[in-house]
1. Leaving ligands, DNA and RNA out of it, work out the accessible area of A:W50 with a 1.4 Å probe and give it in Å² to the nearest 10.
2. Students sometimes get this wrong: rank B:K129, A:K47, B:K118 by accessible area, probe 1.4 Å, all chains present, largest first.
3. Per residue, how many Å² of accessible area does segment B:98-157 show with a 1.4 Å probe?
4. I need the semi-axes of the equivalent ellipsoid of segment A:43-164: take the C-alpha gyration tensor, multiply each eigenvalue by 5, square-root it, list largest first in whole angstrom.
5. Show me you know the interface measure: the accessible area buried between A and B, both chains summed, probe 1.4 Å, in Å² to the nearest 100.
6. Which entries in A:K93/B:K123; A:K115/B:K50; B:K31/B:K126; B:K94/B:K126; B:K89/B:K118 show an alpha-carbon gap greater than 22 Å?
7. Hey, can you grab everything whose amide H is under 5 Å from the amide H of B:K26? Only 5+ residues off in sequence or another chain; H modelled, so Pro and N-termini drop out.
8. Once you average over the residues of A:91-104, how many Cβ atoms of partner chains fall within 10 Å of each Cβ?
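The values are calculated or read from the model by the stated rules, or taken from the named source; none is laboratory data. Quick caveat: nothing in here was measured; it's all calculated off a predicted structure. Note that we place each Cβ from the backbone using ideal geometry, even for glycine, and neighbour counts take in every protein chain shown. For accessibility, only protein heavy atoms count, side chains too; no ligands or nucleic acids. Shrake-Rupley method; radii C 1.70, N 1.55, O 1.52, S 1.80 Å.
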Amino acid sequence: MVASLQPLLPNDFLVTEIDKFVPSSFTQQDGLPSNAFVSDLELLQSKSSWTDREYRHVYADAAVEQGLAYQIRINRELRGLTQKDLAKALKTKQSAVSRLEDPDYGAHSLSMLKKVANFLDCALIVKFAGFSKLARESQSLSEEHLFAPSYDDEISGQLWLHQE
Amino acid sequence: MAKSVRKRAKAVLDEPVTVDAKPPWKWRCRKDDRGVDVIDEWHNSIEVTKTARANFERRRDQLSQLDFRRWERPAACQLKDHICVIHFKDESSKQWRVFGYSAPESKTFVMTNVATEKDDVYKPKKSAKHAANHRDAIRIDFDRLSCGCFPSATAAK
């Protein structure tokens with residue numbers, strides 16, 4: 001029940017509230033709890049290279065650049081669209097979409113991202129966050145995590161109706 | 001939206017979202033005859049800048065959570081016999097290539113050797129062949145010739 005509700009809850013709630021129900025039976029492996037529940041702080045502590053300020057900011061840059069590219073590609077493909085289809089919708093060239101989906105591109109503009117979000121009928125959220133949130137985000141990069149459903153798909157109730 | 005599109009999207013929507021995500025790929029590194037982790041040695045060398053290491057870390061974070069079929073260009077490329085190359089750049093656009101092979105049964109990727117690429121030519125030139133040779137050797141003596149590295153955090157969603 002708790003697990004199936006997780007997508008509805010903010011991360012802060014998960015860490016502080018769900019931890020109350022989880023016995024402290026973590027076993028240590030590679031310095032990390034093997035249990036599925038790991039707090040944001042523990043995740044941050046596991047990123048030992050991030051103690052270097054310059055390094056963690058370079059990682060944050062890489063997370064934006066690579067993360068956007070993967071999100072665009074996965075959301076396009078899961079909607080059965082080709083790069084050409086997306087290019088047509090964005091009134092640009094297929095090569096421009098290919099660049100948007102290149103994890104090394106690193107020059108996504110906010111205006112283009114808003115156009116993509118508008119076409120996919122999903123929201124674009126841009127916000128500042130602490131590095132513990134970035135640590136958590138870095139563990140949430142599966143296709144399922146990167147998929148952003150359209151408004152219609154969400155409102156039809158398909159996504160969150162798995163509570164038992 | 002086309003019917004086929006909705007069908008594909010629905011297949012994703014119908015997947016229950018649970019805490020128990022698919023386990024990430026585990027990373028292993030090749031050890032040489034001296035018992036030294038060659039990937040770690042390269043990773044800590046002076047020629048690998050912070051940007052290169054950070055881009056590599058993010059690339060690992062991303063790839064480790066994707067199906068192997070998603071390890072595709074431009075982030076990676078798959079050669080024959082389970083050999084795969086992870087691509088990333090540094091701030092001077094130097095193109096780093098980390099070779100390795102996948103062991104799908106244990107969802108492990110063993111990194112064997114590192115190269116750079118320029119104008120579609122690897123340096124060292126025979127990096128792909130070296131990777132295949134290392135793979136064959138490691139398969140025979142897995143525990144002695146490889147070690148766990150770059151542990152992934154097991155995270156709640």
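1. Only protein atoms counted, so the area is about 10 Å².
2. Reading off the accessible areas and sorting them downward yields B:K118, B:K129, A:K47.
3. Heavy-atom accessible area per residue stands at 52 Å².
4. On the way: eigenvalues 143, 88, 25 Å².
The answer is 27, 21, 11 Å, longest axis first.
5. In total, chains A and B hide about 4700 Å² from solvent.
6. From the list (A:K93/B:K123; A:K115/B:K50; B:K31/B:K126; B:K94/B:K126; B:K89/B:K118), the Cα-Cα distance tops 22 Å for A:K93/B:K123; A:K115/B:K50.
7. For B:K26, whose amide H was placed from the backbone, the distant partners under 5 Å are B:T108, B:F109.
8. Details: counts 0, 0, 0, 0, 0, 0, 0, 1, 0, 0, 2, 3, 10, 9.
Mean partner-chain Cβ count within 10 Å for A:91-104: 2.
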